[in-house]
There are 2 protein chains.
Amino acid sequence: MKVSKLQMAEHRDQIIESAARQFRESGFDGISVSDVMKEAGLTHGGFYGHFDSKEELMALASQRAVHKSVSKYAKIIEGAPQKPLMTLVESYLSSRHQAHPETGCLFAAVGSELARQPSSVKHAVMQEEAKLLELIARIVPGRTKAAKRRRAIAVFAELVGAMILARCVPDPELSKEILATVSDSVAAGQ
Amino acid sequence: MKVSKLQMAEHRDQIIESAARQFRESGFDGISVSDVMKEAGLTHGGFYGHFDSKEELMALASQRAVHKSVSKYAKIIEGAPQKPLMTLVESYLSSRHQAHPETGCLFAAVGSELARQPSSVKHAVMQEEAKLLELIARIVPGRTKAAKRRRAIAVFAELVGAMILARCVPDPELSKEILATVSDSVAAGQ
DNA sequence: ATTATCTATAGATCTATAGATAATGC
DNA sequence: ATTATCTATAGATCTATAGATAATGC
């Protein structure tokens, strides 16, 4: 039953990866430790050899989810040097992203639940969120660094809010309207 | 044990009211039927005489929460005829609202969970959400009705996103920065 | 007589732990 | 010998229901 150190490290990684996916799909309360371990191909009881608690996993999985978003959007920006902001916005506000919270933005997927989590979870997320804001600040218009940061915060809030509202709405046409409208709105602000 | 028809109607109302408060405070999964009945001063088992399921209560309580927001913001607008939009925005993005999700905007409080609820819940909310968008559309700038609606959607997304992000962040200074920045951003868009 | 509420419980979860098992790595 | 994983379970939830109780309202 015992596995090698390397194998164990891979298991740990797979647990975090599965959790990052499932938490975004079903929420922190909607996924049990057992669900995560099942998807990782391990049994429930083995979890506590890797982590102290579900809370620790929530922190690590949330951090990884945002970290991956930072990497993803950094690549998107690199790939579109002439109009990076609109490329990022179109990707974020796509119907593809709307349909796949499990691989998308953590804040849109579980933002209102994250707000109620203990600070260990919030702090873990914050570390990567800061990088995300810096990334956006580099591609928004603004004369000073401070102005760019302010614009980045406003754009990010608009994106997160739009995706959450689009997902809350039962009518697909209204969802599309929300995403398209906010996309145009961000474009109008440059 | 039996109570009068009037009393029963009041009990039903109180259950919905307590649920609307508690769901916004702790999320749909964070509050049990028993919690709601306890706050309403009734016992757990009595719940099923009033409602078919927790899902039905989620729909009714969510609808009531948004309905109350519509009433509240209608009054705020009435009370500030010269600059209604900024008055609404300042109220929405206040630190008071940040600290009290249980009486505030449903979308900011449980938006990412609402996105995963069955359509019965989403539809109940949608009815009132449409009124909220119409309310905002009346006070935003725009030459045509369509332009006002577009601006209302963008403003609403920005407000909801900003409040969720402010509540996710573990540093109170950063929370303040987010709320203040988005407040200025909405003002700049008129 | 009817029925709103209460008590009690079934059945299905959940997190976390204890002890057994079996493969790694000294 | 050590230890990563598994099996089994404790203890605490959760939604929903069945049957008892007692007050309303015909």
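The values are calculated or read from the model by the stated rules, or taken from the named source; none is laboratory data. As the structure is a prediction and not an experimental result, all values here were calculated from the model. Virtual Cβ from ideal backbone geometry, glycine too; neighbours counted across all protein chains shown.
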Has segment A:40-61 got at least one residue that is near DNA strand C (Cβ under 10 Å from one of its atoms), polar (S, T, N, Q), free of Cβ contacts under 8 Å to residues at least 24 places away in the same chain and within 14 Å of chain B (Cβ to nearest Cβ)? no
For segment A:4-13, indicate whether the set of residues that are more than 8 Å from DNA strand D (Cβ to nearest atom), within 14 Å of chain B (Cβ to nearest Cβ) and either of a type in the set (D, E, K, R) or touching a residue at least 60 places away in the same chain (Cβ under 8 Å) (or both) is non-empty. no
The listed residue being within 13 Å of the chain's Cα centre (by Cα), surrounded by fewer than 21 Cβ atoms within 10 Å (Cβ to Cβ) and of a type in the set (Val, Ile, Thr), out of B:Val33, B:Val70: B:Val70
Checking B:Val155 against (1) without any contact (Cβ under 8 Å) to a residue 12 or more places away in the chain; (2) part of a helix (DSSP H, G or I); (3) more than 28 Å from B:Ala40 (Cβ to Cβ): exactly one of these is not met. Which one? (1)
With B:Ser183, B:Ser120 as the choices, which residue is touching a residue at least 40 places away in the same chain (Cβ under 8 Å), over 30 Å from B:Ala59 (Cα atoms) and more than 7 Å from chain A (Cβ to nearest Cβ)? B:Ser183
Subset of segment A:36-55 [of a type outside the set (A, V, I, L, M) and closer than 10 Å to A:Ile16 by Cβ]: A:His50, A:Phe51
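Yes/no per residue for (1) at pLDDT below 95; (2) on the phi > 0 side of the Ramachandran plot; (3) surrounded by 21 or more Cβ atoms within 10 Å (Cβ to Cβ); (4) assigned to a helix (DSSP H, G or I):
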{"position": "A:Leu159", "(1), (2), (3), (4)": "no, no, yes, yes"}
{"position": "A:Ala162", "(1), (2), (3), (4)": "no, no, yes, yes"}
{"position": "A:Pro170", "(1), (2), (3), (4)": "no, no, no, no"}
{"position": "A:Ile178", "(1), (2), (3), (4)": "no, no, yes, yes"}
{"position": "A:Ala187", "(1), (2), (3), (4)": "yes, no, no, yes"}
Condition broken by B:Val140, with the remaining ones in (1) buried (at least 20 other Cβ atoms within 10 Å of the Cβ); (2) within 9 Å of chain A (Cβ to nearest Cβ) satisfied: (2)
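Can you tell me which of A:Thr103, A:Thr87 is more than 14 Å from every other protein chain (Cβ to nearest Cβ), without any contact (Cβ under 8 Å) to a residue 24 or more places away in the chain and either surrounded by 15 or more Cβ atoms within 10 Å (Cβ to Cβ) or touching a Gly at 6+ places or on another chain (Cβ under 9 Å) (or both)?
Values: A:Thr103 fails: without any contact (Cβ under 8 Å) to a residue 24 or more places away in the chain.
Unique residue meeting the criteria: A:Thr87.
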